[in-house]
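Only one structure is covered here, and it is reproduced in the block below.
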Amino acid sequence: MCLLTFFRLGLEPAAHDVMLRPPHNVISGVFNKEFASDIIVYGIIMGAAPLLCFVIVVYVVGNGNLGVDCNHGMNTGCDTVYRARAAVFASLTLLILLHAFEMKHSRRSIFTMNLLENKPLFISVVGGSLALFPCIYIPQFNDVVFKMTGISWEWGLCAASVVFYIVLAEGYKALKRRYWHKRDGVVTIAGKESPGTELSRNTTVETLR
């Protein structure tokens, strides 16, 4: 379901300021320092939140009880691990789906975007979120296929993970808008300013190819 969501992200209309941006650096291209920074920062954020969910369920609430041979069935003492897995599954899935919205633009805040502009993406995100419930709560399907069980208060951890992700992701984007904008320079076209790589006076057609 997450893969389908990112296929839908490929249908995203071009950003409104795309023609105000300067050309990409011919050497780094799309895979520039900002792209690498995005991978590292978003990866850490999205990995930390589900990991914290697992730690809280198993080691804070469950007193570190990992059960016996829980990868082969719901054995004695495996309830805590199964609930932790469900919490991680729900948390990570929600973050991946939400991340698709964040990736509509590399610097704009999600709160300034029109999330309904790409309706296939919006529908896939909502559908993916709803698909969590049968995976977690349908008997046999949850514990036999996914090795997890139904959760209750753990949904609060999932909600906290979403808030955690939004706060840090939006903070990271705010830093990029402020500091990357200054470092990259500003290109003025038709009286409008756009962040990007400042063009040198010696720039020629050949260097932009």
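Considering only segment 46-56, I want to know if a residue exists there that is assigned to a loop (DSSP other than H, G, I, E, B) and within 23 Å of A159 (Cα to Cα). Before the answer, list the steps.
Step one: list which residues in segment 46-56 are assigned to a loop (DSSP other than H, G, I, E, B), which gives none.
The answer is no; no qualifying residue exists.
Please name all residue pairs, on different chains or six or more residues apart, with Cβ atoms under 7 Å, provided the first residue is in segment 137-165 and is closer than 12 Å to L94 by Cα and the second residue is surrounded by fewer than 12 Cβ atoms within 10 Å (Cβ to Cβ) and of a type outside the set (K, R).
none
Does segment 31-88 hold any residues that are under 30 Å from R107 (Cβ atoms) and of a type outside the set (A, V, I, L, M, F, W, C), and which are they?
Result: N32, K33, E34, S37, D38, Y42, G43, G47, P50.
Do you know which residues across segment 99-127 are of a type in the set (V, I, T) and surrounded by fewer than 16 Cβ atoms within 10 Å (Cβ to Cβ)? Before you say what the answer is, go through the steps one by one.
First pass over segment 99-127, keeping only residues of a type in the set (V, I, T): 110, 112, 123, 125-126.
Correct list: T112, I123, V126.
Out of the residues in segment 40-72 that are touching a residue at least 40 places away in the same chain (Cβ under 8 Å) and farther than 30 Å from V167 by Cα, which is surrounded by the most Cβ atoms within 10 Å (Cβ to Cβ)?
Filtering first and then ranking leaves C70.
Need at least 2 residues that are more than 22 Å from D38 (Cα to Cα) per element, so show me which helices (runs of 4 or more DSSP H) inside segment 98-184 make the cut, counting only ones lying wholly within it. Step through it out loud before you land on a result.
On the way: elements: 119-130, 132-137, 154-175, 181-184.
Filter on segment 98-184 gives 119-130, 132-137, 154-175.
Readers should treat all values here as calculations from the given coordinates under stated rules, not as data from a laboratory. This is a predicted model, so every value here is computed, not measured. Note: ideal-geometry Cβ built from the backbone for every residue, glycine included; neighbour counts use all protein chains shown.
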